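Written below as C-alpha coordinates is the structure these notes are about.
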Amino acid sequence: MQQSKDTHTLGERNRERLERIADVATRWIGSTGSLVVHTLLFIIAFSLPPLHIVSFDKMLLVLTTIVSLEAIYLAIFIQMSVNKNSKDIEEIQEDVEEIQEDIEEIQEDVEEIQEDVEEMQEDVEEIQEDVEEIQEELEDEPENNEPLNNQPQPVAESPKDKISQIQELIARLQQEVELLKSDKK
(Lines give C-alpha, C1' and ligand atoms only; values in the text may rest on other atoms or scores of the structure.)
Protein backbone atom coordinates (compact mmCIF):
# COMPACT_ATOMS: atom_id res chain seq x y z
CA MET A 1 0.00 0.00 0.00
CA GLN A 2 2.79 2.43 0.92
CA GLN A 3 4.68 1.63 -2.25
CA SER A 4 1.68 2.42 -4.52
CA LYS A 5 1.13 5.68 -2.64
CA ASP A 6 4.79 6.66 -3.13
CA THR A 7 4.63 5.63 -6.80
CA HIS A 8 1.50 7.72 -7.27
CA THR A 9 3.15 10.68 -5.62
CA LEU A 10 6.31 10.13 -7.65
CA GLY A 11 4.22 9.92 -10.83
CA GLU A 12 2.46 13.16 -9.94
CA ARG A 13 5.79 14.85 -9.25
CA ASN A 14 7.20 13.66 -12.58
CA ARG A 15 4.09 14.89 -14.41
CA GLU A 16 4.29 18.29 -12.71
CA ARG A 17 8.01 18.51 -13.53
CA LEU A 18 7.33 17.73 -17.20
CA GLU A 19 4.55 20.32 -17.30
CA ARG A 20 6.91 22.96 -15.88
CA ILE A 21 9.56 22.03 -18.48
CA ALA A 22 6.93 22.28 -21.23
CA ASP A 23 5.83 25.71 -19.98
CA VAL A 24 9.41 26.99 -19.82
CA ALA A 25 10.29 25.54 -23.25
CA THR A 26 7.17 27.02 -24.84
CA ARG A 27 7.87 30.44 -23.35
CA TRP A 28 11.54 30.31 -24.38
CA ILE A 29 10.88 29.19 -27.95
CA GLY A 30 8.61 32.19 -28.44
CA SER A 31 11.26 34.62 -27.17
CA THR A 32 13.85 36.86 -28.82
CA GLY A 33 16.62 34.74 -27.28
CA SER A 34 15.31 31.70 -29.11
CA LEU A 35 15.30 33.60 -32.39
CA VAL A 36 18.93 34.64 -31.88
CA VAL A 37 20.08 31.12 -30.90
CA HIS A 38 18.31 29.48 -33.85
CA THR A 39 19.69 32.05 -36.27
CA LEU A 40 23.24 31.47 -34.99
CA LEU A 41 22.84 27.69 -35.21
CA PHE A 42 21.60 27.93 -38.82
CA ILE A 43 24.49 30.25 -39.74
CA ILE A 44 26.98 27.83 -38.16
CA ALA A 45 25.34 24.81 -39.83
CA PHE A 46 25.44 26.39 -43.28
CA SER A 47 29.03 27.59 -42.70
CA LEU A 48 30.34 24.07 -42.05
CA PRO A 49 30.24 22.76 -45.69
CA PRO A 50 32.14 25.76 -47.21
CA LEU A 51 34.77 25.33 -44.48
CA HIS A 52 35.05 21.65 -45.52
CA ILE A 53 34.29 20.48 -41.97
CA VAL A 54 31.33 18.39 -43.07
CA SER A 55 29.67 17.61 -46.40
CA PHE A 56 26.63 19.60 -47.47
CA ASP A 57 24.40 16.46 -47.64
CA LYS A 58 25.42 15.34 -44.15
CA MET A 59 24.83 18.84 -42.72
CA LEU A 60 21.35 18.97 -44.32
CA LEU A 61 20.53 15.49 -43.01
CA VAL A 62 21.52 16.39 -39.43
CA LEU A 63 19.91 19.84 -39.60
CA THR A 64 16.66 18.45 -41.03
CA THR A 65 16.53 15.75 -38.34
CA ILE A 66 17.14 18.27 -35.54
CA VAL A 67 14.55 20.72 -36.91
CA SER A 68 11.98 17.91 -37.32
CA LEU A 69 12.49 16.70 -33.75
CA GLU A 70 12.28 20.26 -32.46
CA ALA A 71 9.02 20.80 -34.36
CA ILE A 72 7.53 17.60 -32.94
CA TYR A 73 8.40 18.54 -29.36
CA LEU A 74 7.26 22.11 -29.87
CA ALA A 75 3.88 20.89 -31.14
CA ILE A 76 3.56 18.64 -28.07
CA PHE A 77 4.51 21.50 -25.72
CA ILE A 78 2.06 23.84 -27.38
CA GLN A 79 -0.74 21.28 -27.12
CA MET A 80 0.05 20.76 -23.43
CA SER A 81 -0.22 24.54 -22.91
CA VAL A 82 -3.50 24.65 -24.81
CA ASN A 83 -4.91 21.81 -22.70
CA LYS A 84 -3.80 23.52 -19.48
CA ASN A 85 -5.28 26.84 -20.58
CA SER A 86 -8.55 25.14 -21.56
CA LYS A 87 -8.80 23.62 -18.10
CA ASP A 88 -8.11 27.03 -16.53
CA ILE A 89 -10.75 28.65 -18.74
CA GLU A 90 -13.32 26.04 -17.71
CA GLU A 91 -12.59 26.72 -14.04
CA ILE A 92 -12.89 30.47 -14.59
CA GLN A 93 -16.16 29.95 -16.45
CA GLU A 94 -17.53 27.91 -13.53
CA ASP A 95 -16.50 30.70 -11.14
CA VAL A 96 -18.22 33.29 -13.34
CA GLU A 97 -21.41 31.22 -13.37
CA GLU A 98 -21.34 30.96 -9.56
CA ILE A 99 -20.83 34.72 -9.27
CA GLN A 100 -23.71 35.30 -11.68
CA GLU A 101 -25.98 33.10 -9.54
CA ASP A 102 -24.93 35.06 -6.43
CA ILE A 103 -25.70 38.34 -8.20
CA GLU A 104 -29.15 37.07 -9.17
CA GLU A 105 -29.84 36.08 -5.56
CA ILE A 106 -28.69 39.49 -4.35
CA GLN A 107 -30.90 41.17 -6.93
CA GLU A 108 -33.88 39.18 -5.68
CA ASP A 109 -33.07 40.22 -2.10
CA VAL A 110 -32.84 43.87 -3.17
CA GLU A 111 -36.24 43.61 -4.89
CA GLU A 112 -37.76 42.11 -1.74
CA ILE A 113 -36.26 44.90 0.38
CA GLN A 114 -37.60 47.46 -2.07
CA GLU A 115 -41.09 45.97 -1.76
CA ASP A 116 -40.79 46.07 2.05
CA VAL A 117 -39.70 49.72 1.92
CA GLU A 118 -42.64 50.57 -0.33
CA GLU A 119 -45.03 48.84 2.07
CA MET A 120 -43.50 50.75 4.99
CA GLN A 121 -43.88 53.98 3.01
CA GLU A 122 -47.56 53.21 2.47
CA ASP A 123 -47.98 52.47 6.19
CA VAL A 124 -46.30 55.75 7.10
CA GLU A 125 -48.55 57.63 4.69
CA GLU A 126 -51.64 55.99 6.22
CA ILE A 127 -50.46 56.90 9.72
CA GLN A 128 -49.81 60.45 8.55
CA GLU A 129 -53.35 60.65 7.18
CA ASP A 130 -54.74 59.30 10.48
CA VAL A 131 -52.75 61.88 12.43
CA GLU A 132 -54.00 64.67 10.20
CA GLU A 133 -57.60 63.50 10.71
CA ILE A 134 -57.12 63.39 14.48
CA GLN A 135 -55.55 66.82 14.39
CA GLU A 136 -58.50 68.21 12.42
CA GLU A 137 -60.94 66.66 14.91
CA LEU A 138 -59.05 68.21 17.81
CA GLU A 139 -59.04 71.59 16.15
CA ASP A 140 -62.82 71.33 15.69
CA GLU A 141 -63.37 70.53 19.42
CA PRO A 142 -63.57 73.39 21.90
CA GLU A 143 -60.38 73.80 23.87
CA ASN A 144 -62.07 74.16 27.22
CA ASN A 145 -63.28 70.71 28.10
CA GLU A 146 -64.53 70.87 31.68
CA PRO A 147 -65.13 67.60 33.46
CA LEU A 148 -68.82 66.83 34.01
CA ASN A 149 -68.41 66.46 37.72
CA ASN A 150 -66.12 68.45 39.94
CA GLN A 151 -64.00 65.48 40.89
CA PRO A 152 -60.31 65.78 40.07
CA GLN A 153 -59.38 63.92 36.88
CA PRO A 154 -56.14 61.97 36.60
CA VAL A 155 -53.43 63.92 34.84
CA ALA A 156 -52.97 62.54 31.38
CA GLU A 157 -51.12 63.71 28.39
CA SER A 158 -53.14 66.07 26.32
CA PRO A 159 -54.20 64.94 22.85
CA LYS A 160 -51.91 67.56 21.38
CA ASP A 161 -48.92 66.00 23.22
CA LYS A 162 -49.90 62.60 21.89
CA ILE A 163 -50.17 64.00 18.37
CA SER A 164 -46.73 65.57 18.70
CA GLN A 165 -45.31 62.24 19.80
CA ILE A 166 -46.98 60.48 16.88
CA GLN A 167 -45.65 63.11 14.48
CA GLU A 168 -42.15 62.65 15.86
CA LEU A 169 -42.51 58.90 15.44
CA ILE A 170 -43.68 59.35 11.84
CA ALA A 171 -40.78 61.68 11.11
CA ARG A 172 -38.34 59.06 12.44
CA LEU A 173 -40.03 56.35 10.38
CA GLN A 174 -39.79 58.51 7.26
CA GLN A 175 -36.08 59.06 7.92
CA GLU A 176 -35.55 55.32 8.29
CA VAL A 177 -37.45 54.67 5.05
CA GLU A 178 -35.28 57.23 3.25
CA LEU A 179 -32.15 55.56 4.67
CA LEU A 180 -33.35 52.18 3.43
CA LYS A 181 -34.03 53.65 0.01
CA SER A 182 -30.58 55.20 -0.20
CA ASP A 183 -28.93 51.93 0.96
CA LYS A 184 -30.56 49.94 -1.85
CA LYS A 185 -29.12 52.27 -4.48
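The values are calculated or read from the model by the stated rules, or taken from the named source; none is laboratory data. In this text the structure is predicted, and so the values were computed from the model without any measurement. Every residue, glycine as well, gets a Cβ built from its backbone with ideal geometry; the counts of neighbours run over all protein chains shown.
Considering segment 54-81, and only residues there that are loosely packed, with under 11 Cβ neighbours inside 10 Å and of a type outside the set (Gly, Ala, Ser), the residue that is farthest from residue 30 (Cα to Cα) turns out to be 57.
Answer yes or no: is there a residue in segment 61-74 that is assigned to a helix (DSSP H, G or I), under 30 Å from residue 183 (Cβ atoms) and within 39 Å of the chain's Cα centre (by Cα).
Among the residues of segment 61-74, not one is assigned to a helix (DSSP H, G or I), under 30 Å from residue 183 (Cβ atoms) and within 39 Å of the chain's Cα centre (by Cα), which makes the answer no.
When segment 76-87 is filtered for residues that are at pLDDT 85 or above and among the charged types (D, E, K, R), only 87 remains. Among the conditions (1) without any contact (Cβ under 8 Å) to a residue 12 or more places away in the chain; (2) farther than 30 Å from residue 19 by Cα; (3) over 44 Å from the mean Cα position of the chain (by Cα), residue 40 misses just one, which is (2). When you check residue 115 against the structure, is it closer than 30 Å to residue 171 by Cα, of a type in the set (Asp, Glu) and within 30 Å of the chain's Cα centre (by Cα), yes or no? Yes; evaluated as a whole, the condition is true for this residue. Summed over segment 29-43, the residues that are aliphatic (A, V, I, L, M) and surrounded by fewer than 13 Cβ atoms within 10 Å (Cβ to Cβ) give a count of 4.
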